[in-house]
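Trainee: Take this structure first; my questions come after.
The values are calculated or read from the model by the stated rules, or taken from the named source; none is laboratory data. All values derive from a computational prediction rather than experimental measurement. In this analysis, Cβ positions are derived from the backbone assuming ideal geometry, glycine residues included, and neighbour counts consider all displayed protein chains.
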Amino acid sequence: MPKRNSNMPKGRCTAYSYFVKSCRQEVTMQNPNAKVVFADFSKECAERWKSLDAEERKVFVAMSDEDKIRYDMEMDQFYRKGGVDPAAKKRKAKVDKKVKPAASAYSFFSKDIRPRMKADNPSLSTADVTKEVKRMWDNLDGRNKRQFESMAKEDAERYRQEVQWQKDREEAIRQAATSTSNYANTVYEYCESGSDADESAAENDDEY
């Protein structure tokens, strides 16, 4: 697991996390000196959370949404200053896995015939098996080759679709990142302008 960058902003708090904090405060207020068994407390919180309807969860969802704005703004500033998130690199590496190349008709034929040939001729070396498979392929008539050519055609289509899916996903991730960054900038600029307006208003009040 990649080590977290100590300069990164505090992670976003989920609605459930806020609910657990609320439960913890409730327990502390009712029994300040009571010892809380973490496993039992966690189980009780999970059960209570499941029993809440959408309206009852709304306050915690709102708190989480507000914290997301804070997190996005701070992460945007973190990246602007050249910060690096090791976990993000690992996630990107998973997304960027290469698509398996399309196999040729000969590859499908070799995959089909090689195990049987090796079983029937255990004394043959790998090189000799390869030579014999190649010879058999060259001597195979067109009718028998068609099934492997059909398999290769299907695999080529599979490859095309997976490559397109990979490109679409990368584009979606890029657009999502851009959208988040733009939203964070808008909120940040709004907060900055609001702060300036408050200072200006305060100065005007002082004049009176």
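Okay, residues lined up against (1) at pLDDT below 85; (2) loosely packed, with under 15 Cβ neighbours inside 10 Å; (3) not acidic (D, E):
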| position | (1), (2), (3) |
| --- | --- |
| R4 | yes, yes, yes |
| G11 | yes, yes, yes |
| A15 | no, no, yes |
| K21 | no, yes, yes |
| E26 | no, yes, no |
| K89 | yes, yes, yes |
| K97 | yes, yes, yes |
| A103 | no, no, yes |
| K111 | no, yes, yes |
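Trainee: Then there's this: Any idea how many residues of the stretch 116-143 are in a helix (DSSP H, G or I) and surrounded by 11 or more Cβ atoms within 10 Å (Cβ to Cβ)? First the steps, then the outcome.
Mentor: Quick first cut of the stretch 116-143, residues in a helix (DSSP H, G or I) only: 116-120, 126-139, 142-143.
Next, only the ones that are surrounded by 11 or more Cβ atoms within 10 Å (Cβ to Cβ) stay: 117-118, 128-134, 136-137.
Final tally of qualifying residues: 11.
Trainee: For the stretch 38-53, which positions are in contact with a helix residue (DSSP H, G or I) (Cβ under 9 Å, 6 or more places away or on another chain) and either at pLDDT 90 or above or of a type in the set (S, T, Y) (or both)?
Mentor: Selection gives S42, E44, C45, A46, R48, W49, L52.
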